[in-house]
1. Taking only C-alpha pairs under 8 Å that are 6+ residues apart, what is the relative contact order of the chain in percent?
2. Can you put 284, 46 in order, fewest other beta carbons within 10 Å first?
3. Once you have a ≥ b ≥ c as the square roots of the Cα gyration tensor eigenvalues for the stretch 201-293, tell me rounded if a/c is under 1.5, and otherwise prolate or oblate according to whether a/b is larger than b/c.
4. Could you state the angle between the C-alpha long axis of helix 171-180 and the longest principal axis of the C-alpha atoms of the chain, as a value from 0 to 90 degrees rounded to the nearest 10?
5. Which order results if 83, 75 are arranged by neighbouring Cβ count within 10 Å, fewest first?
6. Any chance you could give the angle, 0 to 90 degrees and rounded to 10, that helix 86-95 forms with the longest Cα principal axis of the chain?
7. Helix 141-153 versus the longest principal axis of the chain: what angle, 0 to 90°, nearest 10, using Cα atoms?
8. Based on the alpha-carbon gyration tensor of the stretch 124-163 and its eigenvalue square roots a ≥ b ≥ c, which shape applies: rounded if a/c is under 1.5, prolate if not and a/b is larger than b/c, or oblate?
């Protein structure tokens with residue numbers, strides 16, 4: 001029934017001038033007040049996106065706190081472009097039979113890891129046996145990474161007859177549970193890796209970059225509603241041009257970018273990150289436009305193996321990097337090869 005409802009909604013929106021095809025002169029952009037979505041935060045604050053889109057296009061920023069809610073909004077035609085993690089993007093694509101969205105660029109590589117309490121006695125990954133480990137959300141990118149890691153170690157979660165208790169919990173509560181000793185560790189994204197270390201006294205057991213070739217894996221992508229992309233390719237291309245410009249600026253002026261990012265996070269959430277937290281967190285991340293498709297395919301396979309997808313994912317059409325490569329060519333930058341499969 002859910003699949004039928006999604007398919008019917010998408011068909012209707014594609015066939016008529018509904019919101020999924022875009023409101024005239026408006027782009028609705030979803031993102032998190034999170035450092036892994038830094039280009040969205042910085043580009044909106046600096047005016048890069050407004051300048052690239054021009055005075056005839058109004059940007060409507062929409063804040064989210066979780067990937068599944070972004071996908072629901074996209075299905076409902078309430079979001080046109082969004083910054084989002086790889087697993088929600090895969091789920092949104094698969095559950096709509098490839099009709100709902102396309103990944104048009106990457107945003108962040110790295111920025112996730114496993115932090116443990118020194119008192120837990122865990123000194124290596126095999127030591128997770130018999131312990132309680134938290135993740136931000138059932139089926140989210142870090143939850144899937146942990147479950148995939150357990151499979152590779154010959155371990156299993158408690159609910160599958162194993163010995164590792166996985167506790168999906170919101171990040172702020174994870175820090176509280178960590179401090180009180182109610183969990184032994186957590187696999188989380190930044191800045192929570194750094195907060196567990198700085199504010200929770202934890203030890204970094206695993207920087208997830210160590211698991212991937214060239215230490216690169218996708219943490220955040222840019223997705224676009226497929227009907228919106230078809231109806232508004234110039235707006236999408238201009239957005240990508242600004243995204244590349246902001247990414248280059250972040251790389252060239254990391255200290256200035258970090259200060260602005262933190263001040264914007266404080267404005268959006270009413271709480272700034274401690275300077276040592278944001279410095280540490282950003283050191284484990286790389287702003288990018290490369291979607292690092294190989295890592296997304298591997299993550300999707302892990303989600304399927306863990307039981308979060310009803311069928312083995314067929315993702316051959318999830319990427320459309322044509323507009324991104326057009327921008328890169330115009331700027332004299334190397335283009336990104338279209339990912340084709342695992």
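Values in this text are rule-based calculations from the coordinates and carry no lab data. Only a predicted model underlies this, so the values are computations on that prediction, with no experimental measurement involved. Because the Cβ atoms are built from the backbone with ideal geometry, glycine has one as well, and the counts that use them run over all protein chains shown.
1. Details: 623 pairs, mean separation 89.2, N = 342.
The normalised contact order for the chain reaches 26 percent.
2. Numbers: 284 22, 46 17.
The order, fewest Cβ neighbours first, is 46, 284.
3. oblate
4. Roughly 10 degrees, rounded to the nearest 10.
5. On the way: 83 26, 75 21.
Placing the least packed residue first, the sequence is 75, 83.
6. 60
7. 50
8. Values: a/c = 1.57, a/b = 1.43, b/c = 1.10.
Prolate is the answer for the stretch 124-163, as a/c is 1.5 or above and a/b outweighs b/c.
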